[in-house]
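Structure, as structure tokens:
The values are calculated or read from the model by the stated rules, or taken from the named source; none is laboratory data. No experiment lies behind these values; they were computed from the predicted model shown. So basically every Cβ, Gly included, is an ideal-geometry build from the backbone, and we count neighbours across all protein chains shown. To get the accessible areas, we keep the full protein, side chains included, count just its heavy atoms, and leave off ligands, DNA and RNA. Shrake-Rupley method; radii C 1.70, N 1.55, O 1.52, S 1.80 Å.
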Amino acid sequence: WHYDNKYIDGSKLLSKTEIKAKNLKENPIDIVSSINDCKTTLRNVKWSYTDSRLGKSIMLRMLIHLIGDIHQPLHACTLVNDDFHKGDVGGNAFVIDMPGARNLHTYWDRCLKKYSTLSSPLNERHFEKLEGYVDQIVQNYPRSDPAISKRVKVQSVAEWARESVKYCISNVYQGIHLYGTPSALYKEKNFAFIDEQLAVAGYRLTETLKNVFSNPATLEPRVKKNPLYKRQLTD
């Protein structure tokens, strides 16, 4: 559910012919289909014999999680080269020399360690720190900015994934080496990019939730009485 691992060679997306020649697998279920499944479940207003709110609450949490994930580029691609014949699993197999983040995927999950790690459950001090991060990001990348606004209007999940593949090629795998230590230049180049992705992901999540819950009926329990209930108890 967390990945749409399109195969890249570091400079371009591999063609269908190249993927077949390398005997690489393509999965029918990925982060794109999973986000769309979450939205379909949350929009469901059909009557049922069971209360759908538990399932919807789980799908809501998954939707929030996955929209965050798809904007972290390494959830959308996997590197294929002489070191990784079958792919580096979205950077999980790409080992780097970085305490607390021994592979590229973890390093990007942690925003290149730009921000402090906040333990769950968050206490009041952690919430204040998190709010400070948010305020700074929104100030630097306001929704009113024309470039940001243009990106937020894109609500195709597949297009979000294609964006992340592009960023893997232009940002993630440029200037980094297997078993190497990320340079100051690498971090400087990507810190601003990470903040823009966080802002855009938040704005897109807002639009997604407004769209999904635009029908008030999606929030109501749609449970109908089961005509077999009494007989089942008697039996």
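Which of the residue pairs LYS6/LYS114; LYS20/LYS166; LYS150/LYS210; LYS113/LYS153; LYS86/LYS113 have a Cα-Cα distance greater than 25 Å in the structure shown? Mind showing how you got there, number by number?
On the way: LYS6/LYS114 27 Å; LYS20/LYS166 22 Å; LYS150/LYS210 18 Å; LYS113/LYS153 29 Å; LYS86/LYS113 28 Å.
Long pairs (Cα-Cα over 25 Å): LYS6/LYS114; LYS113/LYS153; LYS86/LYS113.
Using DSSP to call loops (not H, G, I, E or B), can you name the trypsin sites (Lys or Arg not before Pro) in the stretch 147-213 whose Cβ has at most 14 other Cβ atoms within 10 angstrom? Walk me through the numbers on the way to the answer.
Numbers: sites: LYS150, ARG151, LYS153, ARG162, LYS166, LYS187, LYS189, ARG204, LYS210; in loops: LYS153.
Answer in residue order: LYS153.
Given +1 on the Cβ of Lys and Arg, -1 on the Cβ of Asp and Glu, and no further charges, what dipole in debye does the stretch 31-80 carry about its Cα centre, rounded to the nearest 20?
Details: 6 positive and 3 negative charges, 47 e Å.
Dipole about the Cα centre, nearest 20: 220 debye.
Give me the 1.4 Å probe accessible area per residue for the stretch 1-104, excluding ligands and nucleic acids, in Å². Working shown, then result.
Values: 5730 Å² over 104 residues.
Here the residues of the stretch 1-104 average 55 Å² of exposed surface.
For the chain, build the charge dipole from Cβ charges (+1 Lys, Arg; -1 Asp, Glu) around the Cα centre, then report which of SER144, THR106, LEU79 sits farthest towards its positive end.
So the residue furthest toward the plus end is SER144.
Apply the a/c threshold of 1.5 to the C-alpha gyration tensor of the stretch 84-166 and tell me whether it is rounded, prolate or oblate. Walk me through the numbers on the way to the answer.
Numbers: a/c = 2.53, a/b = 1.10, b/c = 2.29.
Oblate, since a/c reaches 1.5 and b/c is not below a/b.
I'd like to verify something in the chain: which complete DSSP H helices, judged by Cα projection on the helix axis, reach 20 Å or more and average at least -1.0 on the Kyte-Doolittle scale? Write out the running numbers ahead of the final one.
Numbers: long enough: 53-70 (25 Å, 0.88); 124-140 (24 Å, -1.08); 184-212 (41 Å, -0.14).
Sorted by number, the helices that extend far enough and score high enough are 53-70, 184-212.
Using a 1.4 Å probe on the protein heavy atoms, what percent of the accessible area of the chain belongs to carbon and sulfur? Working shown, then result.
Values: 7810 of 13940 Å².
Result for the chain: 56 percent of the exposed heavy-atom area is carbon or sulfur.
With a 1.4 Å probe and all protein chains left in place, how much accessible area per residue does the stretch 116-218 have, in Å²? It would help to have the intermediate numbers written out before the result.
Details: 5930 Å² over 103 residues.
Averaged over the residues of the stretch 116-218, the accessible area is 58 Å².
Counting other Cβ atoms within 10 Å of each Cβ, which chymotrypsin sites (Phe, Trp or Tyr not before Pro) in the stretch 142-204 have at most 10 and sit in a DSSP loop?
Working: sites: TRP160, TYR167, TYR173, TYR179, TYR186, PHE191, PHE193, TYR203; in loops: TYR173, TYR179.
Here the chymotrypsin sites (Phe, Trp or Tyr not before Pro) that fit, given the DSSP loop and packing criteria, are TYR179.
Specify whether the C-alpha gyration tensor of the chain places it in the rounded, prolate or oblate class, a ≥ b ≥ c being the square roots of the eigenvalues: rounded for a/c under 1.5, otherwise prolate if a/b is larger than b/c and oblate if not. Working shown, then result.
Details: a/c = 2.07, a/b = 1.51, b/c = 1.37.
Verdict is prolate for the chain.
Run the numbers on the stretch 1-131 and let me know its relative contact order in percent, using alpha-carbon pairs under 8 Å that are six or more apart. Before the final figure, lay out each step's value.
On the way: 127 pairs, mean separation 33.1, N = 131.
Averaging sequence separation for qualifying contacts and normalising by length gives 25 percent for the stretch 1-131.
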